[in-house]
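I have placed the structure first, in the form of structure tokens, so that the comments after it can refer back to it.
The values are calculated or read from the model by the stated rules, or taken from the named source; none is laboratory data. Everything numeric in this text was worked out from a predicted model, so none of it was measured. Neighbour counts are summed over all protein chains in view; Cβ atoms, including those assigned to glycine, are modelled from backbone coordinates with ideal geometry.
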Amino acid sequence: MLFNSRWLPLLAGLLLSAQASAALAQKPSPSGAASKAGPVTVQQILDGKQLYIEGKQAVVKQQAKVPEAIKTLQSRGQLGFSSGAVARINRFSSMKLGSSCFLLEQGQILVSGPQNGCTRSSRLSVRGTNYVMQVDAAGQSQIAVLEGVVELQALRDGAPIASMLPILVKAGQQAQLDPQGVMAALSELKRSDYERYMSGPLFAGFQRALPYLPALIEYVLRTYPGLRIPPALLQQAAALNALPKAKAPLQPPLQQQPQPQARPQPQQQQEPPQTPTLAF
């Protein structure tokens, strides 16, 4: 990536503090530790107004609750979960809110933060921060972990399949699952994959930053130095990273009190020295 020199101090601070967030994100968390799927709040709608909740046109700040369905046609949308996680739903996608995860029925969604996701044949328990889910019309799914770790558990009729152990998909990996939740392939994401995602419809045009965008950028720049990152994402990450964290309230400067001037002391008149009397 060709950086303008003004980005260098910004990126230095961003990378240093993002390392701490990334380290925390890599710590395993128990399955189901992320928040349940509802309610969610519509934060932004792009490319028209074709985002629907239960078949009715939705508006910004509207909430969807369990077990309501969210669907898009030509529009894209950003959704905020009560856990603080954020999802971006692509065009021609449909999802349903559940008690322990959201169900992506078809289409594509990006999740940033502690939020579990499901397909009809698998459950994603989040141990990381940024991942993309995609489900086609045949029920085949693709899970791309952009940063962090995700635990995949195959499901049958909504319950884990005891004979199939969970699989960890780590940052930079992509899993292909068949309609029965069986992993068909596990591959590495390429540099071009990150460039495609970060300049594509799940990132472009959104005004509100993803909550774990600094950790994602830190991972990308560390793994693929020089990778082209859109300037808008760098600005969002820098602004998010610069938010004050529990700063003590500023105290007004103490005004210097004038020092009382010492009163002049009356001078005592000194007696002239007496000439000693000499005895003969």
- Message: For the stretch 21-57, which positions are outside any loop (DSSP other than H, G, I, E, B) and at pLDDT 95 or above?
- Response: VAL40, THR41, VAL42, GLN43, GLN44, ILE45, LEU46, LEU51, TYR52, ILE53, LYS56, GLN57
- Query: What are the residues in the stretch 216-238 that are assigned to a helix (DSSP H, G or I) and closer than 19 Å to GLU188 by Cα, if any?
  - Reply: LEU216, ILE217, GLU218, TYR219, VAL220, LEU221, ARG222, THR223
- Message: Any residue at all in the stretch 80-91 that's touching a residue at least 12 places away in the same chain (Cβ under 8 Å), crowded, with 23+ Cβ neighbours inside 10 Å, within 22 Å of the chain's Cα centre (by Cα) and closer than 11 Å to LEU51 by Cα?
- Response: yes
- Mind checking which residues of the stretch 124-179 are more than 28 Å from TYR224 (Cα to Cα) and not in a loop (DSSP other than H, G, I, E, B)? GLN153, ALA154, LEU155, ARG156, ALA159, PRO160
- Message: Take GLY107 and tell me if it is at pLDDT below 95 and at positive phi.
- Response: no
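Can we say VAL60 is part of a loop (DSSP other than H, G, I, E, B) and not small (Gly, Ala, Ser)? Can you show your working first?
Numbers: part of a loop (DSSP other than H, G, I, E, B): yes; not small (Gly, Ala, Ser): yes.
Spelling it out, VAL60 is indeed part of a loop (DSSP other than H, G, I, E, B) and not small (Gly, Ala, Ser).
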- With criteria (1) closer than 24 Å to LYS170 by Cα; (2) modelled with pLDDT of 65 or more; (3) not β-branched (Val, Ile, Thr), ALA69 comes up short on (1)
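Does ARG76 count as at pLDDT below 95, closer than 25 Å to ALA209 by Cβ and basic (Lys, Arg)? Even if it seems obvious, please write down each step before you answer.
Details: at pLDDT below 95: no; closer than 25 Å to ALA209 by Cβ: yes; basic (Lys, Arg): yes.
Criteria not met by ARG76.
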- Item | Leading residue by the ranking (farthest from the chain's Cα centre (by Cα)) among those in the stretch 96-123 that are in a strand (DSSP E or B) and closer than 16 Å to ILE167 by Cα | SER122
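Could you grab me the full set of residues in the stretch 186-214 that are of a type in the set (A, V, I, L, M) and either modelled with pLDDT under 95 or in a loop (DSSP other than H, G, I, E, B) (or both)?
Taking the stretch 186-214 first, the residues of a type in the set (A, V, I, L, M) are 186, 189, 198, 202, 204, 209-210, 213.
Correct list: LEU189, LEU202, ALA204, ALA209, LEU210.
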- Query: Of all residues in the stretch 124-140, how many are surrounded by 23 or more Cβ atoms within 10 Å (Cβ to Cβ) and free of Cβ contacts under 8 Å to residues at least 60 places away in the same chain?
  - Reply: 4
